[in-house]
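Step one of this worksheet: look at the structure below.
The values are calculated or read from the model by the stated rules, or taken from the named source; none is laboratory data. This one's a predicted model, so the numbers in the text were calculated from it and none came from an experiment. Note that we place each Cβ from the backbone using ideal geometry, even for glycine, and neighbour counts take in every protein chain shown. Accessible surface areas use protein heavy atoms only, side chains included; no ligands, DNA or RNA. Shrake-Rupley method; radii C 1.70, N 1.55, O 1.52, S 1.80 Å.
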Amino acid sequence: MHEIAQDSLLKETEAPVLCYHCGQKCEESLYLDEKQFCCYGCKTVYEILNTNNLCQYYQLGDHPGISLRQPNDDSFLYLNEKTIQKKLLSFDSEDFARITFYIPAIHCVSCIWLLENLRKIEPGILRSETHFAKKSVTLDYHPARIKLSHIASLLSSLGYAPHITLSDSAKNEKPDNRSLLIKLTVAGFCFGNVMLFSFPEYLGISQHDALLNRAFSWLNLLLSVPVFFYSSSDYLKAALKSFKQKQINIDVPIAAGLVALFVHSAYAIITHSDPGYLDSFTGLVFFLLIGRWFQEKTYETLAFDRDYKSYFPLAVQRLHNNLWQPAVIHQLQVGDRIQLRNMEVVPADGKLIDDHAFIDYSFVTGESRPVKASLGDLIYAGGRLIGQPVQLVVEKSVSQSHLTSLWNNPAFGKVNESRYKKIIDRAARRFTWIVLALAIITGIYWQLTRPNQMWLVLVSVLMVACPCALALSAPFTFGNMLRVFGKHKLYLKNVDVIERLAAVDTVVLDKTGTLTHGEKPKAEFIGKLNDAEWAAVHSLTGASSHPLSMIIAQWRGKVSTEKISGFKEIPGKGIEGRVNQQLYKIGSAEFVGTLPIKDTGGSHVYVSVNGETLGYFLIPTSLRKNIRRMISALGHKIDALLSGDQENQTTELRSLFSSSTLFFFNQSPHDKLEYIYNLQRNGKTVLMVGDGLNDSGALKQSDVGIAITDKAGVFTPACDGILEGNQLGLLDKFIELAQSSLVILKTAFVISFVYNAVALSFAVSGHLTPLVAAILMPLSSISVVVFSFVAVNFIAKRKLT
């Protein structure tokens with residue numbers, strides 16, 4: 001009996017064995033590779049990772065896994081139903097599909113690393129990308145190799161069970177901050193009572209009331225325990241995670257100050273040496289949480305949500321009252337009938353109601369091979385029509401955020417890295433180390449001179465310094481400028497474009513469809529066409545999104561229902577197709593097979609039927625509004641005008657530009673790209689402005705490429721911005737605003753630096769209490785954010801009105 005009792009006592013005193021995967025206490029003896037696990041689920045995950053050489057996962061944190069002690073009995077077989085997949089998948093084809101899962105269990109860098117290496121565990125998964133803030137993972141997979149139900153089961157077996165809902169409303173839910181409010185309430189309650197119990201100490205207590213003083217001190221300590229372990233837990237956990245990941249973040253000095261103040265006060269009360277600083281400690285946590293809540297509300301108020309508040313300036317032809325009219329894509333609704341022309345982007349998922357169509361999904365999948373779709377097939381948003389026009393019925397509402405995310409695919413990105421982002425990242429990393437070093441030096445100095453004040457001074461130093469103002473200045477300055485641009489119909493890909501736009505010293509312009517042909521352009525046909533030929537020409541030009549084709553199609557104003565077959569559009573040359581068994585060619589003289597007309601009347605578009613030239617359209621050069629002022633303002637920055645047209649009517653055009661501007665005509669898409677490349681080789685930072693059709697390569701090559709749109713759904717994903725045509729006259733203003741945003745950013749940097757320098761000097765000299773430091777820390781961030789917001793809007797209003 002004695003031996004049994006002794007063994008029992010030894011078991012109770014032994015340290016508990018923790019699961020190698022999740023870190024929970026092991027109640028079963030499950031061993032593998034000399035490692036112990038709490039359940040078969042955790043052991044299975046380790047086996048999966050070990051088999052696929054992914055055990056580096058365990059080096060990114062101590063016990064980073066999720067406990068699988070409670071088995072998941074849910075079946076994911078329903079995910080294989082086509083009706084379910086139609087609601088969940090953002091893209092689906094025979095060899096490529098994409099889905100985004102919400103995974104609440106994502107909590108650290110280990111989670112991100114494992115989820116983004118799923119392709120090594122399951123070859124059917126092509127790519128996975130984790131969004132830590134949204135706790136979601138986007139998966140590209142091969143439907144023929146792996147079923148969606150198997151992917152969900154795999155995630156669940158790894159401890160990352162997806163939270164699946166078919167309700168659209170769940171996608172727009174705002175994060176719940178009730179936890180922060182509860183912690184704030186607890187801290188406020190305890191702070192108030194600690195202050196109340198500390199009044200006798202403030203007023204002075206005689207020696208015979210020392211017992212009462214000691215009782216109040218113990219009550220203060222009791223009230224401070226929930227503040228330390230609950231209300232301040234976010235700071236403590238963040239600091240602990242940073243140590244586990246061998247990194248230092250801004251929460252480390254805050255957590256160090258809180259721990260120092262609480263531990264010292266608890267020790268002082270227990271040893272009866274002094275009453276401690278628990279009033280300062282609880283007040284510190286209370287004001288820190290108030291600051292965090294106020295920060296969140298301020299950021300939420302000033303947020304620049306591109307998904308709902310910004311303007312994506314693309315349009316598509318929509319059938320309304322039996323007439324095809326251009327409609328901006330955010331106006332589309334489920335059930336609308338839309339028509340796409342060659343090279344136009346599919347704005348929303350829709351069902352094909354024509355016999356067939358060829359869709360280029362390179363925008364979505366990266367694969368440029370066109371996919372054939374048949375009557376009744378679902379065409380996914382982000383695809384681009386290749387060939388003759390087709391009609392769709394909208395099946396899902398437009399998601400501008402989806403189009404924006406496709407546009408920001410790294411495949412369409414540029415190598416330029418943000419200079420200010422690198423500076424901020426470097427400064428933020430070093431800042432915390434500097435603060436910790438300064439706090440140690442300050443603590444030593446005050447311990448040697450006035451030890452009774454050392455703890456308060458030390459905590460003040462740790463609390464008041466904050467690099468958040470520095471880190472927030474760039475995203476809020478550029479983000480608010482992004483919103484200003486969007487409000488004036490310039491939609492940029494991301495905030496990095498603003499920095500590159502500010503550095504532009506050379507501008508290259510396209511002519512046709514960019515500078516020319518603004519509102520209500522005119523056209524005239526020189527030659528003779530019968531009614532059948534007119535109808536065929538109208539159908540063919542209506543199928544193209546080229547500016548000259550659109551002018552011709554709109555000029556006649558008659559709706560044609562002629563069927564087209566064999567439609568082709570050759571960039572820089574023209575279009576061709578068969579109508580009623582007749583081969584039509586519309587385009588340049590060379591493309592049609594005739595000699596060009598020597599005339600200075602504007603642009604010429606030739607028409608031939610079965611090899612016989614029937615005449616040409618004369619389209620006078622018509623400049624957009626405010627172009628003259630914009631060209632004058634940019635002056636010598638405009639290096640060249642590139643055009644695929646012949647050299648017609650250039651006298652008036654040349655008179656608008658400075659003498660240093662070069663003019664090049666009959667330029668192929670490759671010629672334009674080569675010209676941009678040569679400018680960059682000579683050290684120029686180039687802005688290219690074009691229509692996105694014949695100059696897509698030049699837009700991609702340039703440092704900043706802006707595509708002009710005129711109620712059409714055409715632009716190249718490699719461009720950096722989309723500008724509505726009638727706003728081109730503000731191009732110089734947009735460049736000035738981008739440059740002003742850098743001035744605002746530098747000013748915000750100065751404000752942040754001055755704040756930290758002044759605040760730290762007061763804290764180090766002992767003229768700042770921890771409570772005041774806790775109030776000042778969030779106020780510094782808020783002040784920089786508000787300054788950026790006000791400055792951006794003030795300058796934008798002054799320049800654009």
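Okay, here's what the table says:
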| quantity | calculated |
| --- | --- |
| Evaluation of S93 against (1) surrounded by 15 or more Cβ atoms within 10 Å (Cβ to Cβ); (2) modelled with pLDDT of 85 or more (one fails), failing number | (2) |
| Residue tally, condition open to solvent by 30 Å² or more (accessible area, probe 1.4 Å) and either among the β-branched types (V, I, T) or touching a residue at least 40 places away in the same chain (Cβ under 8 Å) (or both), over region 589-617 | 8 |
| Selection status of I441, under 19 Å from A757 (Cβ atoms), at pLDDT below 80 and part of a helix (DSSP H, G or I) | no |
| Hits in region 263-281 - residues which are open to solvent by 20 Å² or more (accessible area, probe 1.4 Å) and among the hydrophobic types (A, V, I, L, M, F, W, C) | V263, I270 |
| Verdict on D703 being under 20 Å from T516 (Cβ atoms) and of a type outside the set (S, T, Y) | no |
| Enumeration of residues in region 688-704 that are under 16 Å from L731 (Cβ atoms), at pLDDT below 90 and not in a loop (DSSP other than H, G, I, E, B) | G690, L699 |
| Test: residue in region 526-540 that is among the aromatic types (F, W, Y) and either surrounded by fewer than 18 Cβ atoms within 10 Å (Cβ to Cβ) or under 30 Å from Q582 (Cβ atoms) (or both) | yes |
| Conditions (1) at pLDDT 70 or above; (2) part of a helix (DSSP H, G or I); (3) open to solvent by less than 10 Å² (accessible area, probe 1.4 Å); number of the one not met by L392 | (2) |
| Test set (1) modelled with pLDDT of 85 or more; (2) surrounded by 24 or more Cβ atoms within 10 Å (Cβ to Cβ) - T685 fails condition number | (2) |
| All positions within region 220-256 that are modelled with pLDDT under 90, more than 20 Å from F287 (Cβ to Cβ), open to solvent by 40 Å² or more (accessible area, probe 1.4 Å) and assigned to a helix (DSSP H, G or I) | L240, K241, F243, K244 |
| Cβ-Cβ under 6 Å pairs, at least 6 apart or on other chains, region 107-135 side of a type in the set (A, V, I, L, M, F, W, C) and at pLDDT 75 or above, far side crowded, with 18+ Cβ neighbours inside 10 Å and assigned to a helix (DSSP H, G or I) | L114/Y57; I125/L118 |
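Yes or no, residue by residue, for (1) part of a helix (DSSP H, G or I); (2) under 23 Å from the mean Cα position of the chain (by Cα); (3) farther than 30 Å from E344 by Cα; (4) without any contact (Cβ under 8 Å) to a residue 24 or more places away in the chain:
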position: I708; (1), (2), (3), (4): no, yes, no, no
position: L731; (1), (2), (3), (4): yes, no, no, no
position: V754; (1), (2), (3), (4): yes, no, yes, yes
position: S761; (1), (2), (3), (4): yes, no, yes, yes
position: V784; (1), (2), (3), (4): yes, yes, yes, no
position: V792; (1), (2), (3), (4): yes, yes, yes, no
